[in-house]
Every structure is written in C-alpha cells, then in structure tokens.
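The values are calculated or read from the model by the stated rules, or taken from the named source; none is laboratory data. Given the structure is predicted, the values throughout are model-derived calculations rather than measurements. Note: ideal-geometry Cβ built from the backbone for every residue, glycine included; neighbour counts use all protein chains shown. SASA here: full protein model, heavy atoms, side chains in, ligands and nucleic acids out. Shrake-Rupley method; radii C 1.70, N 1.55, O 1.52, S 1.80 Å.
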Amino acid sequence: MTQSSPNTESTEGTEQSDPKEIDVSVIIVNYNVKEFLDQAIRSVYQSVGTLKVEVFVVDNNSVDGSVEMVRARFPDVHLIANEDNTGFSTANNQAIRIAKGRHLFILNPDTIVQEDTLTTLVNFMDTHPEAGAVGCKILNPDGTFAPESRRSFPTPAVAFYRMTGLSRLFPKSRTFGRYNLSYLTPDEATEVDALSGSCMVVRAEAIKEAGMFDEDFFMYGEDLDWCYRIQQAGWTIHYTPDTQIIHYKGESTKKGELRYVLLFYGAMLRFAQKHFRKRHSFLFRFFLRLGIITRGSLQALTNWVKRYSAIFIDTLLFFGIMILAGLVRYAVAGMAFPQMFISFVAPVYTASALIGISAMGGYKPKNQAKLLPLIVGAFIAMGTLATLSFFVKSIAFSRLAVGVSFVASLLILGVIRLLRGRRKQEGTFFRQAILVGDAAEAERLTQTLNALETTPIEVIGYVSPDSCPPESNGTLPCLGTFRHLRDLVRIRDIQDVVFASRIVPNRTAFDLMQQLKGLPVQFRMLNEQHEHLIGQSSIEALTSPALVDAEQAIGISRSTFARRAFEVPLAILGIILYPIMFLLAKMAGPDSRAGILTSKIKQFPDVLTGKKALIGYKSEEYHLLSPSWDLREGVFTISESLPQGAHQEHQLSRAYWLYVRNQSITFDIDIVLRALKQQSKELLNNG
C-alpha cells in the first residue's frame, strides 16, 4: 500500500483484509536507532500469538538507514517516513489516524517485548471493559525495575514531595512515594494515574472520547497529558505485572542533552499550565512553575559544569597549588606574602598552563585522560614565569615556588587524569563474556569475533538450555546449563552475558536477567540474522568493513619518545620512593600488593637504561609477537594482567596485539593495576 500525505511523508505497507479483524495496532515512532528498532519489531512479531495485528513504524527523518532497513526486512510493516522530525506526539498521531485495531499499542523503538506481552495486555483490556489504558512492568537494561512503569499526577502535594526530594529519601512512604508509587512492590497490580509512553495499550474507544496525543508536546509529558484526558473522559488506567518489556532508555534522545533537558521541564510546565489552571490556585501554579524552572535550570547548569569540569578542576588546582607553594616559600623565608603573587604570578601560571593544555587538545573529551597535554601545559607555565622573572625582578624570588608548583601540579593533576582514564577503560580490556544459547550460535559468534583485530568482548564459553552436548570440535566449550549461569558469572568474574535471540526466548532472557540481579554484569543480545550485539545504550557491529583507513585498521604504535617520556619520570619517582615502599612491604608482607610493587621497583633501573620497558612481554612469550610490534621485555607484562584461564597462546597473542594497537599512558596504568591485583590474587590462592 502506498499513499501520500500532506505532512511531507510517505506511507508504505500491506493492506489488512478486514478492519474488524484487527485486535491491536502497534505504533512505533523511530529516530536514529535502526538496530534497536529491528530488534523491537522482531520481538513484537514473536508476541503476536493468535491476535490479528498490524504494525506501524513512523520514522522522524532518521539518517541511520532505519527506513531502508524496515523496507528490506519487514515488508508487512506500515512505514511512514517523515521528511522532518515532527516530534513524538505528532508522529504517533499520524499512525493513530489510520490505525484499525480495537486497541493501540504505543511502543518505543529501543524496547524488547516478551513473547506474551501483546496477548496479556489485550486480554487485560478485554476482561476490564472500564479500562482505557494498561501498562506493564518495564525493566532497565540491567534487569532492575524502572519506576516510570507507573506514576501519579503531580498534584500540589505530589509535586512538592518530588521537587524537594522527599520522594527519593522516603520511597516506601505512602505519603512521600506517591509519584512513582514506590511504596508498592513491582509485582502488585494496581490502578494508576499515568503510564509510560514507552509501552502502553490504549483502547480505541477511549481515544475517540479523549482525543489523540496533544501535539503541543514535542517530546516528554505527552503520555502524562494523554492519561489525564483519558481519565477525565471516564476511563481507568491500570498497571499489570503479568508481563514485562526491557527498555534501553534514551537511545533516540541522547543527542543534544541540554535541548532535551529543556524539552522535558518545558513539558512539565505545559502540563501544569494546561490542567491545573482551574483546579488549583494561582499560588500553587506559581510555585510549581518556579520549582520546575529551578529544577530545569539546575539540571542545565549541572550538564554545563560536567562538560567543562576538567577546565574548572585544572584552574582551581593550578591556582591553588601555586598559592600554597608561595605561602610556604615566603613563610619559610620569614617574609610577608606579596599581593602580587595572588594578582599576577598565580593567574599567569594558571592561564599559561590552561592555554598549553588547550593547544594540545587536552580538553577534548577523548583527550582528557592523557598526560602529554598536561606535561606540555605545565612546562609552558613554568617557562613563562621563568622568562618573566628575568624582566620582573620581584618575581625572581618566586622561582623556587614555581618549581615546586610545577612538580606538584604534574603529580596531582597527573593522578587525576590517570584515574579519569581508568574509569573510562574500566572493564574494556578483555571483558569476559558468556553466551546464552547453543553450540551453533557460539560458533557463529566466535568466528565473527575471530575475524576482528580487536573485539568488544572475550567469550569464554556458553551455557545451553538443558544439558551440554557431547564433546565436539566447537571453538567454545559448554560451561553448563541456564541454571548454572549465576554461579558461573559470580565465580568466573564475568562482565557480559550475551543472549542469542535465535535460541533464547525473550521471556527466558528476562527471567535469567532477574536471576543475575545484583551482579555487576551487562546484558547483550546477539541479533538472529545480523552481526550486531545490542547492549545497554550501545550497538556494537561485529562485522568488519571491506575497506577502512589503513591507520585505523592497523593502528599506529606509540613512538619511543612518547613511551620514554612516561617511563623515565615514573622510574625515577619509583626509585626515590623505594625506601618507603620497602618499609611498607616489610610490614604488609611479600605477598601483598606493596610487596609485589616493591619487587617490581627493583627492576626500574633497567627501565632507566632502556634494557626493559615498563609494560612489555615475558621472555618466554616472545615467540607470540611480531618484530614489527616493537615491544620490549617488560617489568609489568601483558599476560600478568589477564585473568586466570585466559593464557592460551591465541588469547595471549590477541592481548598483545590489542595493546600494540591501543598503547597509551592510561592503558599502561590500567595494566599495572590489573597485574598487581592479579598477582596478589594468585599468591593468595597459592598460599
């Protein structure tokens, strides 16, 4: 079916034979989340059962190939391809106007529904004729309950508790926890004020009486407004825990963060202005508006501070370190602290350092953990004041303070950058994963991963539905069955669980996620027909492009100068601190991390002379390396940082290659910390 629309859109799909046969019309509004949309549509079709269903996808001018994907993979879907981003409300209304179902299922594209979701929700509506809408349990990507599954309207009291934070402080209170009904368990069915627009079934008759979405709400607040009008029309709103979906939140709206903050709080203002003008006093509406504006302003300010936090922190520390060094310098000399130090020396030092770091790109998000811009900035700052001291004699006495500030700045700000880099790389180096599926899917995933130079995960095996098959020639071993999954994740320190959607029904995946609740694990879906892993807030393609930039494909090894610029100062610092570390090792014991680190520091003179590198290989593993990788024997080795069970030759070779391609100071620090942790654990186990 093809038809045109005055709203700059194209509509495609397949006609249904008899409109009376349609039980539910599924409506999905999409914006630049192609792979999530693919998975959402597949899960919808898996949940159809005996129902007569039509599916609408309204695309708001996506640029990621969503429209082409729907046309190619789902020819029966009614596709409305807008030429502009019309917003959530308008896009939904486009499909509502032509939908023929007795019920309409409003669904976000970044969701996965359970196999019984459609049947359960339609049956609920059929057995509750007074219900205008029903929603179900919504799960976060980590398996936890999403509180927006059910909500109350922001009455004066509810709004006050929400704005003041009392609802968060006392979530189990029937008084303070009314907004998200947090005093009820997620498994308790109840009548509610409002549902989440990410998943709700609405009766077509209720829509005729209450109207469609209010298109003045571009995004956010439209579901609250719709539920309010449905209730005003005499219908009830319900929440049922008998089925559930998973919602990968914010995937289509995470671009332009400040814009969406303003949209969200603007929607709340619009709702209050629309519905509370007559019911509540002007004073209430004024304070509600004031509270919402304040909350939105604080959120916008928070986002702005986060964006420029690295500059703020550096400014405070450079300035503070210089002032402190000056105070100590003049106090030791018995001289009065000059005002010029505050008004000229410290500001010039700080500004010079910030300019140097900025010139090296040190404040770009991807570079904020790198040490080289900091080193350059600190040298420029010291050089600037050292030069000025020859022309401004009153500064000459401050040279010692400048030198101390230079060293202190490098140490303190360097540690902050290393910690920042560690947080970014935490868990990215050989994240161990288990596949939930069968041998065939394990083989498919393994072959795909092996074809890549670097991979997002290292799959160590799989668990099968019932029992492990007899030994085969498969690459991955069967580690157990589904009931062993929690113990395997806990004992083997697994960070990722991959569900093979071809084998594992969504209901089973949900149940397993609940069993793993509380463990620090990320869940992913291996798409049935396409080489993608769907994970929390991310899509990771597992297929290599035919042609890519050579530098990107091969990687550029870090220069010897860059490596030595990091190693030599660190080796000098380690040698200076050796007496202290020696005493700490004596007190803590040789098997402690202090003892292990002390034994490593003994090899730092070899780092100074260039005989060894700080990070390198074990001599017995040299045959796994290519001479072109330019690695040296190391004080800390790549293999020492790997978990037990990841020391087969192909794993070691891949680990070394991964390091060659991703060499950086933060990566070096990460390997050092992991090596210390792993060696300490092994010594403890052996002891």
What are the pairs with Cβ atoms under 6 angstrom where one residue, in region 301-321, is within 15 Å of L374 (Cα to Cα) and the other, located anywhere, is not in a helix (DSSP H, G or I)? Sequence gap at least six, or different chains.
A310/Y363; A310/Q368; I311/Y363
List the pairs whose first member sits in region 187-211 and is over 15 Å from P241 (Cβ atoms) and touching a residue at least 12 places away in the same chain (Cβ under 8 Å), whose second member is assigned to a loop (DSSP other than H, G, I, E, B) and of a type in the set (G, A, S), and whose Cβ atoms are under 6 Å apart, counting only residues at least 6 apart or on separate chains?
D193/S152; E209/A233; A210/A233
In region 412-430, is there at least one residue being modelled with pLDDT under 85 and touching a strand residue (DSSP E or B) at 6+ places or on another chain (Cβ under 6 Å)?
yes
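Restricting attention to region 24-36, which residues are of a type in the set (A, V, I, L, M) and either open to solvent by 30 Å² or more (accessible area, probe 1.4 Å) or under 19 Å from N93 (Cα atoms) (or both)?
Across region 24-36, the qualifying residues are V24, V26, I27, I28, V29.
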Residues of region 44-68 classified as buried (at least 23 other Cβ atoms within 10 Å of the Cβ) and either among the charged types (D, E, K, R) or part of a helix (DSSP H, G or I) (or both), total:
4
Within region 341-355, take every residue that is of a type in the set (A, V, I, L, M) and open to solvent by 60 Å² or more (accessible area, probe 1.4 Å) and give me the one that is nearest to F667 (Cα to Cα).
I355
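For L181, are the conditions met, namely being at pLDDT 95 or above and in contact with a strand residue (DSSP E or B) (Cβ under 8 Å, 6 or more places away or on another chain)? Lay out the reasoning, then the answer.
Numbers: at pLDDT 95 or above: no; in contact with a strand residue (DSSP E or B) (Cβ under 8 Å, 6 or more places away or on another chain): yes.
Criteria not met by L181.
Report yes if some residue within region 639-660 is in a helix (DSSP H, G or I) and at pLDDT 85 or above; otherwise report no. Show your work before the answer.
Narrowing region 639-660 to residues in a helix (DSSP H, G or I): 639-641, 649-660.
Add one more test, that the residue is at pLDDT 85 or above, and what stays is 639-640.
Yes, some residue in region 639-660 is in a helix (DSSP H, G or I) and at pLDDT 85 or above.
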In region 186-233, which residues are at pLDDT below 90 and open to solvent by 40 Å² or more (accessible area, probe 1.4 Å)?
D193, E215, D216, F218, Y220
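Here's the yes/no breakdown for (1) within 17 Å of V568 (Cα to Cα); (2) not hydroxyl-bearing (S, T, Y):
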{"residue": "R593", "(1), (2)": "no, yes"}
{"residue": "K602", "(1), (2)": "yes, yes"}
{"residue": "V607", "(1), (2)": "yes, yes"}
{"residue": "K611", "(1), (2)": "yes, yes"}
{"residue": "L614", "(1), (2)": "yes, yes"}
{"residue": "S619", "(1), (2)": "no, no"}
{"residue": "Y622", "(1), (2)": "no, no"}
Take the residues in region 83-96 that are open to solvent by 10 Å² or more (accessible area, probe 1.4 Å) and in contact with a helix residue (DSSP H, G or I) (Cβ under 8 Å, 6 or more places away or on another chain), then tell me which one is modelled with the highest pLDDT.
I96
Any idea which of Y260, Y239, Y265 is modelled with pLDDT of 80 or more and of a type in the set (S, T, Y)?
Y239
Considering only region 356-383, state which residues are exposed (fewer than 14 other Cβ atoms within 10 Å of the Cβ), part of a helix (DSSP H, G or I) and not charged (D, E, K, R).
A359, P365
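Could you list, in sequence order, the residues of region 99-117 that are over 18 Å from V29 (Cα atoms) and touching a strand residue (DSSP E or B) at 6+ places or on another chain (Cβ under 8 Å)? Show your work before the answer.
Taking region 99-117 as the starting set, the residues that turn out to be over 18 Å from V29 (Cα atoms) are 102, 114-117.
Matches in region 99-117: R102, Q114, D116, T117.
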Enumeration of residues in region 633-654 that are open to solvent by less than 30 Å² (accessible area, probe 1.4 Å) and either over 21 Å from Q495 (Cβ atoms) or touching a Ser or Thr at 6+ places or on another chain (Cβ under 7 Å) (or both):
G634, V635, F636, T637, L652
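Could you please find all residues in region 282-301 being modelled with pLDDT under 75 and either under 30 Å from A346 (Cα atoms) or open to solvent by 70 Å² or more (accessible area, probe 1.4 Å) (or both)? Let's see the steps before the verdict.
Let us first name the residues in region 282-301 that are modelled with pLDDT under 75, namely 282-300.
F282, L283, F286, F287, R289, L290, I293, L298 - these are the residues of region 282-301 that are modelled with pLDDT under 75 and either under 30 Å from A346 (Cα atoms) or open to solvent by 70 Å² or more (accessible area, probe 1.4 Å) (or both).
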Among helices (runs of 4 or more DSSP H) entirely inside region 544-632, those with 2 or more residues being open to solvent by 70 Å² or more (accessible area, probe 1.4 Å) and at pLDDT 85 or above are 560-588
For residues that are assigned to a loop (DSSP other than H, G, I, E, B) and not hydrophobic (A, V, I, L, M, F, W, C), scanning just region 483-501, find the one that is surrounded by the fewest Cβ atoms within 10 Å (Cβ to Cβ).
D493
